[in-house]
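**Q** Submitted below is the structure of interest, expressed as structure tokens.
The values are calculated or read from the model by the stated rules, or taken from the named source; none is laboratory data. Values in this document were obtained by computation on a predicted structure and should not be read as measured data. Here the Cβ is made from the backbone with ideal geometry for all residues, glycine too, and neighbour counts use every protein chain on show.
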């Protein structure tokens, strides 16, 4: 009786959403892992090849340089996005005139997709900044930053920080305003300076916001594709390809479906391990309230 | 507060002024790229090359006329609106239903299912994109817009269900029980009693998913054809083809960001509160 009632409920509410989830996500994901152990060419496969595809992936030198470039990008963007976002949140939560207008402006880049933002900055780096530099005779922007690997890295970072800091700012604002005013009042009466209050009271009490924001930026850093494509397109000479673009190129441009998919699985493992480590470390730092 | 000395007051007000000035400078820096695009969209090509910072001398709408036509603006705008609203609408329906089922029926199966849904959020699309395209190629060639909406339902259901689940768990079950005693079926309980109470989360779910789907690039680029392309796709292709026609390219970019910024300025409060309640779960 109870079983039939549960089954009826499942069919009425759970069956459709879960089958869509299963077909769209679970099936391709499991099949993707399975296929990395075969000589799959995008259509079918003849035999199992063990770990050959993974060995081949790690023998690919461009993959190693992509991994290094991605690692640097993830670390630098993670630090800068969160520092900037936290700073913006502090500005907006200081009782200021026009705080709401500031918040509106800081959030705007986040509304727009990475491809459109990337293209806007491509114009800025390739055309606007060089011609302004010539006009005022500044040396640093005369050559487009997108022509050299090192400067192109920083161009990617600038655009990514500009795009994502607004979103993380919202998370930090929510954290900052959730702190009870009594606690801050107590700190003030004890004579704590603004900096002391920030470091010893505010940040520990809103550690959950850091956990979430660090998780989102970490995951975002590994998955970054749109800005990469529209800003540098991986150039010069595939030297600024982040891992997503590398996988895309390997599979859909070069037709290496077997190594492409192994690299995709490696990417998944990297994201999962990094995120688990980050979340468990951050959780330990959260104060129980 | 009452006993604040004069110097302390003066110090806080100087500090506030400094913070205000920093805020102002950063705000200007954040919108400057858009301003640059906007002023250049009204200028002919030579004037842009001369000085990208100058205001337009001769105000021309020509760039916009060209861009509207060449990027098939209205067609891609319609496609974007169609795909976003249908995907978000279906996501709201299926996720609220699933969350209701998972939070109201407590057994091993629902527990494990919920855990799988939550952990699936860590899987990057790139990790399954290659077999995904191989599996769904026939469905995509049948009707690529329907396929895309179906895919968004699959990829979005985990986060949306998670958001609804947290909210539904806080609604007392006595409500359901009372309605059941009055003879209401599960179907009626959900649609007549629970679903109307979910409005705040529904707003969050709608905003978070709409932003994602509206701006998504990688999935549409794999799935859609030129006739069905969305705004980010047509902007990217248009810019690629006309990048040297600076004025037109800038006008194209203005057109690309205009709809979403207008929408945001109208519904600003909902956007901010939707995102903050969605992210902090």
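**Q** Take the range A:16-45 and flag every residue that is in a helix (DSSP H, G or I), in contact (Cβ under 8 Å) with a residue 24 or more places away in the chain and at the interface with another protein chain (Cβ under 7 Å from one of its Cβ atoms). Even if it seems obvious, please write down each step before you answer.
**A** Residues of the range A:16-45 that are in a helix (DSSP H, G or I), as a first pass: A:16-35.
Still in the running and in contact (Cβ under 8 Å) with a residue 24 or more places away in the chain: A:32-33, A:35.
The answer is A:32, A:35.
**Q** Checking residue B:236 against (1) surrounded by fewer than 23 Cβ atoms within 10 Å (Cβ to Cβ); (2) within 10 Å of chain A (Cβ to nearest Cβ), which test does it fail?
**A** For residue B:236, the exception is condition (1).
**Q** For the range B:34-74, give me each residue that is within 19 Å of residue B:260 (Cα to Cα) and touching a residue at least 40 places away in the same chain (Cβ under 8 Å).
**A** Result: B:34, B:37, B:38, B:41, B:64, B:67, B:68, B:71, B:72, B:73.
**Q** Here are B:190, B:167, B:162: which of them is modelled with pLDDT of 90 or more, away from every other protein chain (no Cβ under 11 Å) and over 22 Å from residue A:223 (Cα atoms)?
**A** Values: B:190 fails: away from every other protein chain (no Cβ under 11 Å); B:162 fails: over 22 Å from residue A:223 (Cα atoms).
Within the list B:190, B:167, B:162, the selection yields B:167.
**Q** Here is a further query. Scanning for something in a helix (DSSP H, G or I), at the interface with another protein chain (Cβ under 7 Å from one of its Cβ atoms) and surrounded by fewer than 19 Cβ atoms within 10 Å (Cβ to Cβ), does the range A:118-134 turn up at least one residue?
**A** yes
**Q** Hey, can you tell me all the residues within the range A:59-96 that are loosely packed, with under 15 Cβ neighbours inside 10 Å, within 14 Å of another protein chain (Cβ to nearest Cβ) and either at positive phi or in contact (Cβ under 8 Å) with a residue 24 or more places away in the chain (or both)?
**A** Hits for the range A:59-96: nothing passes.
**Q** Search the range B:168-190 for residues being in contact (Cβ under 8 Å) with a residue 40 or more places away in the chain and part of a helix (DSSP H, G or I), and hand back the single one that is surrounded by the fewest Cβ atoms within 10 Å (Cβ to Cβ). Give the derivation first.
**A** Going through the range B:168-190, the residues in contact (Cβ under 8 Å) with a residue 40 or more places away in the chain turn out to be B:168-169, B:173, B:176, B:190.
Those still in the list that are part of a helix (DSSP H, G or I) too: B:168, B:176, B:190.
Working: B:168: 23, B:176: 18, B:190: 23.
Looking at the filtered set, the residue picked out is B:176.
**Q** Can you confirm whether residue B:193 is over 20 Å from residue A:119 (Cβ atoms), free of Cβ contacts under 8 Å to residues at least 60 places away in the same chain and assigned to a helix (DSSP H, G or I)?
**A** On the way: over 20 Å from residue A:119 (Cβ atoms): yes; free of Cβ contacts under 8 Å to residues at least 60 places away in the same chain: yes; assigned to a helix (DSSP H, G or I): yes.
Yes, satisfied.
**Q** Restricting to helices (runs of 4 or more DSSP H) lying wholly in the range A:200-261: which have 3 or more residues that are surrounded by fewer than 23 Cβ atoms within 10 Å (Cβ to Cβ) and at pLDDT 90 or above? Lay out the reasoning, then the answer.
**A** Values: elements: A:207-223, A:226-231, A:243-248.
So the answer is A:207-223.
**Q** Quick one: how many residues across the range B:245-264 are surrounded by fewer than 18 Cβ atoms within 10 Å (Cβ to Cβ) and at the interface with another protein chain (Cβ under 8 Å from one of its Cβ atoms)?
**A** So the answer is 1.
**Q** Does the range B:134-156 include one or more residues that are touching a helix residue (DSSP H, G or I) at 6+ places or on another chain (Cβ under 7 Å), within 11 Å of another protein chain (Cβ to nearest Cβ), farther than 30 Å from residue B:227 by Cβ and assigned to a helix (DSSP H, G or I)?
**A** No, the range B:134-156 contains no residue that is touching a helix residue (DSSP H, G or I) at 6+ places or on another chain (Cβ under 7 Å), within 11 Å of another protein chain (Cβ to nearest Cβ), farther than 30 Å from residue B:227 by Cβ and assigned to a helix (DSSP H, G or I).
**Q** Let me ask something else. Tell me, which residue of the range A:228-258 that is within 27 Å of residue A:86 (Cβ to Cβ) and more than 10 Å from every other protein chain (Cβ to nearest Cβ) is farthest from the chain's Cα centre (by Cα)?
**A** A:231
**Q** If a residue must be part of a helix (DSSP H, G or I) and more than 12 Å from chain B (Cβ to nearest Cβ), how many such residues does the range A:165-187 contain?
**A** 5
**Q** Being in contact with a helix residue (DSSP H, G or I) (Cβ under 6 Å, 6 or more places away or on another chain) and modelled with pLDDT of 85 or more is the filter here, so list the residues in the range A:280-289 that pass it. Working first, answer last.
**A** Within the range A:280-289, the first condition is being in contact with a helix residue (DSSP H, G or I) (Cβ under 6 Å, 6 or more places away or on another chain), and the residues that meet it are A:282, A:285-287.
Within the range A:280-289, just A:282 meets the criteria.
**Q** Answer yes or no: is there a residue in the range A:7-15 that is touching a residue at least 12 places away in the same chain (Cβ under 8 Å) and either surrounded by 21 or more Cβ atoms within 10 Å (Cβ to Cβ) or facing chain B (nearest Cβ under 7 Å) (or both).
**A** Let us first name the residues in the range A:7-15 that are touching a residue at least 12 places away in the same chain (Cβ under 8 Å), namely none.
No: the range A:7-15 contains no residue that is touching a residue at least 12 places away in the same chain (Cβ under 8 Å) and either surrounded by 21 or more Cβ atoms within 10 Å (Cβ to Cβ) or facing chain B (nearest Cβ under 7 Å) (or both).
**Q** Hey, another quick one. Considering only residues that are free of Cβ contacts under 8 Å to residues at least 60 places away in the same chain, surrounded by fewer than 21 Cβ atoms within 10 Å (Cβ to Cβ) and in a helix (DSSP H, G or I), which ones fall in the range B:96-108? Steps first, please.
**A** So in the range B:96-108, the residues free of Cβ contacts under 8 Å to residues at least 60 places away in the same chain come out as B:101, B:105-108.
Of the ones still in play, those that are also surrounded by fewer than 21 Cβ atoms within 10 Å (Cβ to Cβ) are B:105-108.
Result: B:108, single match.
**Q** Go through the residues of the range B:80-95 one by one and say whether even a single one is over 30 Å from residue A:218 (Cβ atoms), modelled with pLDDT under 90 and surrounded by 13 or more Cβ atoms within 10 Å (Cβ to Cβ).
**A** no
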